[in-house]
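Scroll down for the structure; my scribbles are underneath it.
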């Protein structure tokens, strides 16, 4: 039987969070934050099955690059207590194959976020299952707090 989990919160500089560090963790990537002058390296993190950015039509192509996207968000949101991004954490179905879960995740992102003009940074995790534990495939989605304007700004 499926396990339902859908959590939404905001990443906030006021809570000591960084969009770059959060994106690096979710993607299992190494990203440099030009706002703080720090590097977040999660390339050794296991279990990242997929990491991709989905853009609406009006978005500049440069936002396909995760480091570029989240550095721009960090600089635009200059306030020391700024909210940087919406962060989704959603369980995927153990009863589905990983390919079916990936298709489900992409469809959700395209229909519910990108179709509404939002940029979505999608990552799917399938962590190693601990002995006698239920598998925990899940997706993370980060969406910049500010909506993208028609002119792509």
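Observations on the model:
- Those strands (runs of 3 or more DSSP E) lying entirely in segment 1-83 with at least 1 residues surrounded by 13 or more Cβ atoms within 10 Å (Cβ to Cβ), within 14 Å of the chain's Cα centre (by Cα) and in contact (Cβ under 8 Å) with a residue 24 or more places away in the chain: 6-12, 30-33, 48-54
- For segment 94-110, a residue qualifies if it is within 23 Å of residue 47 (Cβ to Cβ) and assigned to a helix (DSSP H, G or I), and the qualifying residues are 98, 99, 100, 101, 102, 103, 104, 105, 106, 107, 108, 109.
- Filter result (over 16 Å from residue 48 (Cβ atoms), assigned to a loop (DSSP other than H, G, I, E, B), out of contact with any helix residue (DSSP H, G or I) (no Cβ under 8 Å at 6 or more places or on another chain) and in contact (Cβ under 8 Å) with a residue 60 or more places away in the chain) within segment 111-131: 117, 118
- Any chance residue 90 is in contact (Cβ under 8 Å) with a residue 12 or more places away in the chain, assigned to a strand (DSSP E or B), farther than 21 Å from residue 73 by Cα and under 15 Å from the mean Cα position of the chain (by Cα): yes
- Subset of segment 99-110 (residues that are over 13 Å from residue 123 (Cα atoms) and either touching a helix residue (DSSP H, G or I) at 6+ places or on another chain (Cβ under 9 Å) or loosely packed, with under 14 Cβ neighbours inside 10 Å (or both)): 99, 100, 107
- Here segment 117-137 is the region considered, the condition is being over 21 Å from residue 68 (Cβ atoms) and modelled with pLDDT of 95 or more, and the residue that is surrounded by the fewest Cβ atoms within 10 Å (Cβ to Cβ) is 125.
- Residue 88 being surrounded by 14 or more Cβ atoms within 10 Å (Cβ to Cβ), at pLDDT 95 or above and in contact with a helix residue (DSSP H, G or I) (Cβ under 8 Å, 6 or more places away or on another chain): no
- Residue count, segment 138-152 (criterion: closer than 19 Å to residue 65 by Cβ and either modelled with pLDDT under 95 or in a helix (DSSP H, G or I) (or both)): 3
The values are calculated or read from the model by the stated rules, or taken from the named source; none is laboratory data. From a predicted model like this one, the values you see are computed outputs, not experimental measurements. Note that we place each Cβ from the backbone using ideal geometry, even for glycine, and neighbour counts take in every protein chain shown.
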